Amino acid sequence: MDVLINQIEAFKQEINAFNVTDKTSLEEFRIKFLGTKGLLKSLMGEMKNVPVEQKKEAGQLLNECKQFAEARFEELSSGLSDHQDNGPALDLTLPGTPMNVGGRHPISLIQNKIISIFARLGFAVAEGPEMEDDWHNFSALNLPEDHPARDMQDTFYLHKSPDWLLRTHTSSVQIREMQNKQLPLRIICPGRVYRNETISARAHCFFHQVEGLYIAEDVSFADLKQTLYFFVKEMFGEDVKVRFRPSYFPFTEPSAEMDISCLICGGGGCSVCKRTGWVEILGCGMVHPAVLDNCGIDSSKYTGFAFGMGIERITMLKYQIKDLRLFSENDLRFLRQFSDAV
């Protein structure tokens with residue numbers, strides 16, 4: 001028993017004498033005195049040599065010794081934290097670290113600009129599903145079953161079904177709105193569309209459209225032209241030249257395509273305008289009577305016009321961008337240029 005008491009006293013003296021200056025020496029203290037192979041464990045191993053009648057007293061001494069070592073460890077840990085070098089004091093009067101603020105994508109900027117222009121003419125926004133059935137995407141729009149747009153090279157069909165597909169235009173939204181028969185109807189339909197095309201500087205397998213529709217009594221082609229003249233002047237400025245060319249679409253009659261003078265080359269000819277000085281920006285026309293009839297609208301009483309444009313095309317002309325693929329590459333160097341645009 002006397003031997004154990006002497007060992008405990010020596011143990012305490014060694015603990016008091018141990019010098020801790022950093023985290024490394026603190027860990028050395030813990031391993032030496034409190035570790036699984038430390039001095040405290042070896043002291044407890046001496047209990048087997050203590051007579052039975054003295055084991056209770058010896059156990060109390062060893063427990064006090066353990067508490068002494070643990071308390072000393074906590075004291076050293078606390079002292080080390082208090083004196084640790086945390087660098088210069090924080091100056092709360094300094095401005096905060098600036099955070100990078102994100103911006104809208106150029107496609108979103110132009111889409112919002114288009115919506116705001118037509119909103120001033122009384123057009124409301126209508127939206128619909130991107131997965132469509134054949135009726136809303138093709139049949140109701142007067143597209144016969146043998147029309148090329150139905151071929152697999154142009155359309156993404158779902159589950160190998162000819163009845164369900166990813167919409168190829170937002171005209172399907174117009175059909176849904178016409179079926180509601182709440183006339184007069186004046187809407188624009190922005191959204192993403194899909195076509196199975198080879199990706200290039202001028203085409204992509206997905207892109208964005210805004211289509212417009214106005215149905216009422218006595219709507220004429222003159223109404224369509226003046227609406228689109230207003231849009232072009234508001235979007236591109238007063239100096240832009242405009243021309244209409246006869247065209248063909250199954251869902252409009254008569255039909256036309258609208259060109260503007262190329263803003264990239266100023267009409268001199270470049271790769272974007274195919275050296276012609278003109279760029280086609282949209283298709284348009286008077287709604288075909290068969291489309292009105294398909295939606296339950298009396299074509300003898302109501303007429304209407306429709307138009308559709310690719311937002312990417314408008315964005316390319318507005319910001320003079322020559323490669324459509326830049327819009328989907330997520331290159332921050334490109335996107336940051338539009339943080340303050342429009």
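Some points to look at:
- Those helices (runs of 4 or more DSSP H) lying entirely in segment 1-67 with at least 3 residues exposed (fewer than 14 other Cβ atoms within 10 Å of the Cβ) and at negative phi: 2-17, 23-29
- Subset of segment 278-301 [closer than 20 Å to F231 by Cα and either free of Cβ contacts under 8 Å to residues at least 60 places away in the same chain or surrounded by 21 or more Cβ atoms within 10 Å (Cβ to Cβ) (or both)]: W278, V279, E280, I281, L282, G283, C284, G285, V287
- Some residue of segment 104-116 being aliphatic (A, V, I, L, M) and either touching a His at 6+ places or on another chain (Cβ under 8 Å) or on the phi > 0 side of the Ramachandran plot (or both): yes
- Among the residues examined, I321 does not qualify as assigned to a loop (DSSP other than H, G, I, E, B) and either farther than 20 Å from Q209 by Cα or in contact with a Cys (Cβ under 6 Å, 6 or more places away or on another chain) (or both).
- Answer residue from segment 165-218, given it is among the acidic types (D, E) and in contact with a strand residue (DSSP E or B) (Cβ under 8 Å, 6 or more places away or on another chain) and is surrounded by the most Cβ atoms within 10 Å (Cβ to Cβ) among those: E211
- Output for segment 189-223, where each listed residue is in a helix (DSSP H, G or I) and acidic (D, E): D223
- Selection of segment 234-272 for residues being in a helix (DSSP H, G or I) and among the charged types (D, E, K, R) yields only E234.
- Test for E234: is it at pLDDT 95 or above, more than 15 Å from G212 (Cα to Cα) and among the acidic types (D, E): yes
Listed here are the residues, each with its yes/no results for (1) under 26 Å from the mean Cα position of the chain (by Cα); (2) at positive phi; (3) part of a loop (DSSP other than H, G, I, E, B); (4) assigned by TED's automatic domain parsing to the domain that holds Y194.
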{"residue": "A140", "(1), (2), (3), (4)": "no, no, no, yes"}
{"residue": "L143", "(1), (2), (3), (4)": "no, no, yes, yes"}
{"residue": "D146", "(1), (2), (3), (4)": "no, no, yes, yes"}
{"residue": "D154", "(1), (2), (3), (4)": "no, no, yes, yes"}
{"residue": "S161", "(1), (2), (3), (4)": "no, no, yes, yes"}
{"residue": "H169", "(1), (2), (3), (4)": "yes, no, yes, yes"}
{"residue": "S172", "(1), (2), (3), (4)": "yes, no, no, yes"}
{"residue": "R176", "(1), (2), (3), (4)": "no, no, no, yes"}
{"residue": "K181", "(1), (2), (3), (4)": "no, yes, yes, yes"}
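- Residue within segment 224-233 that is of a type outside the set (S, T, Y) and in a loop (DSSP other than H, G, I, E, B) present: no
- Restricting attention to segment 108-138, the residues that are assigned to a helix (DSSP H, G or I) and over 19 Å from F307 (Cα atoms) add up to 4.
- Once segment 51-88 is narrowed to residues that are of a type in the set (D, E) and at pLDDT 75 or above, the residue that is farthest from G38 (Cα to Cα) is E53.
- Residue match in segment 254-264 (condition: touching a strand residue (DSSP E or B) at 6+ places or on another chain (Cβ under 6 Å) and among the hydroxyl-bearing types (S, T, Y)): yes
- Residue check, G304 exposed (fewer than 15 other Cβ atoms within 10 Å of the Cβ), touching a helix residue (DSSP H, G or I) at 6+ places or on another chain (Cβ under 8 Å) and touching a residue at least 24 places away in the same chain (Cβ under 8 Å): no
The values are calculated or read from the model by the stated rules, or taken from the named source; none is laboratory data. Computed from a prediction, not measured in an experiment: that's the story for all the values here. Here Cβ is always computed from backbone atoms with ideal geometry, including for glycine, and neighbour counts include all displayed protein chains.
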